[in-house]
1. So in the stretch 12-25, with the set limited to residues that are over 15 Å from the mean Cα position of the chain (by Cα) and of a type outside the set (Lys, Arg), which one is farthest from Ala70 (Cα to Cα)?
2. Mind checking whether some residue in the stretch 362-384 is in contact with a Lys or Arg (Cβ under 6 Å, 6 or more places away or on another chain) and assigned to a helix (DSSP H, G or I)?
3. Sort out which residues of the stretch 320-340 are outside any strand (DSSP E or B) and either touching a helix residue (DSSP H, G or I) at 6+ places or on another chain (Cβ under 8 Å) or hydroxyl-bearing (Ser, Thr, Tyr) (or both), and write them in order of number.
4. List, please: which pairs have Cβ atoms under 6 Å, are six or more places apart or on different chains, and start with a residue in the stretch 150-169 that is more than 19 Å from Glu106 (Cα to Cα) and among the small types (Gly, Ala, Ser) and end with one that is part of a strand (DSSP E or B) and modelled with pLDDT of 95 or more?
5. Specify which of the listed residues (Leu345, Leu369) is at pLDDT 95 or above and either surrounded by 20 or more Cβ atoms within 10 Å (Cβ to Cβ) or among the aromatic types (Phe, Trp, Tyr) (or both).
6. In the stretch 102-117, is there at least one residue being without any contact (Cβ under 8 Å) to a residue 40 or more places away in the chain, under 27 Å from Ala225 (Cα atoms) and not hydrophobic (A, V, I, L, M, F, W, C)?
7. What are the residues in the stretch 385-397 that are in a loop (DSSP other than H, G, I, E, B) and buried (at least 18 other Cβ atoms within 10 Å of the Cβ), if any?
8. Just to check your reading of the model, which residue among Ser292, Ser358, Ser297, Ser328 is of a type in the set (Ser, Thr, Tyr), outside the structural domain of Asp18 (by TED's automatic domain parsing) and in contact with a strand residue (DSSP E or B) (Cβ under 6 Å, 6 or more places away or on another chain)?
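The values are calculated or read from the model by the stated rules, or taken from the named source; none is laboratory data. The structure displayed is predicted, hence computed values, not measured ones. Ideal geometry is used to build each Cβ from the backbone, glycine not excepted, and the neighbour counts take in all protein chains shown.
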Amino acid sequence: MFSSFFRPEKEKTSLAVDIGTEAVKVIAFEKKDGKVILLGRSLQYLDPFGVWDHGGSFESGTLQKYVGQAIKEAQTMAGREAKKAALALPPYILRARVQTVSVERERHHAHISGKEEKSLLRKISEDAKALIARDVAQDYDAAPPDVFFSGIKIVAITIDGYRVSSLHHFNGKKLEFTCLAFFSISAQSKKTKFDAALSGLAKQLKMPARSLHAFHPAHYLNLFAQYLQDGIYVDIGGKCTQVFLLQNHRLCYASEFGTGATPFSDIIMKDMGFSRETARSFLEQYAAQSLSPEVASRIKQKFAPLARDWFSEFKNNLRRGTETFSPSIFIFGGGSLVPEIKEALDDGEWDDLVFVGSPRTTVLYPKDLPRRPEDSKNCASSPQDVAPVFLCYAQNS
């Protein structure tokens, strides 16, 4: 499915810290002779009422406590302290979009000078931000939120249909740019509580704050797109699902919608009177097919309509992406373990979307990733671990 691509690097212990909407996952690792070696792992579920509110704000001290505990456990398992850390932030905090911007040159026979190139790239970045902010505003019935961009990168350029790595010294009329932007909205981006949390984590790790690097899944999917199979990559978290499209080994779409696996554990809590922790354990047993047939049948009846609702939202999100889709769908994250979600994808109605072949769904495991990590301690064996393993690869890449 994938090919290898890593360069040798000096051995150094690092952390991959994946902060989600429902849990924090941490992997301690090192890179040696071009190989990722996993050393320790920890999973900490967050208190849904003590960390995130509905709007995505959070209590930094509480978040710091959970992340700090997960880091401590992973480092204890690894038997060493890390010197660097890569963070994946929840979509409540950091979002990504891919935006295409086109421009036509009047003097298209003239070669592009260095000065014109700088001017064009600056204009394209600003135009892309404006288009993304406009699209975000359309998702809100009330007053649209402010959009704060943390970074934007031009990831592909074509001149009159031909792909180029830069503009300098080329001539041509129609220029098309694919931009990957990262942003937050409204209060989610303000540098108060989150900066305080990062500062606290840096102190716990005994490392400078500059050693903590934040990533979005789109960072590493864009970075590794040429080595990944084209398709739809779906990270199903607790309260949110993130969707990415790879076509012609390029990231061409990144988005999210506000439904994940949490409703499935919620209905177990409500129907059986379980605590959230017990409901999660029960859901894991159900996914592992270790419940009695009678109980499993009862759960399946409850889960089927939830999966159909998720599938409907997923298709609505895809409609924003492109006109045609690769038939390969790769799902990962904790929600990918809910059998009814895969069944909804396998058996759902796709006639209103155009696929190049019949859609087929694969649950993605860390072992399926490019040049699988060395994992003698069994740190990454679940689809839940795909995102933090991606982070291991993104660190220093």
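1. Filtering the stretch 12-25 for residues that are over 15 Å from the mean Cα position of the chain (by Cα) and of a type outside the set (Lys, Arg), the one farthest from Ala70 (Cα to Cα) comes out as Thr13.
2. No.
3. Thr322, Ser326, Gly333, Gly334, Gly335, Ser336, Leu337, Val338, Pro339, Glu340
4. Ala156/Thr178
5. When all the criteria are applied, what remains is Leu345.
6. No, because not a single residue in the stretch 102-117 is without any contact (Cβ under 8 Å) to a residue 40 or more places away in the chain, under 27 Å from Ala225 (Cα atoms) and not hydrophobic (A, V, I, L, M, F, W, C).
7. Gln395
8. Checking each option against the conditions leaves just Ser328.
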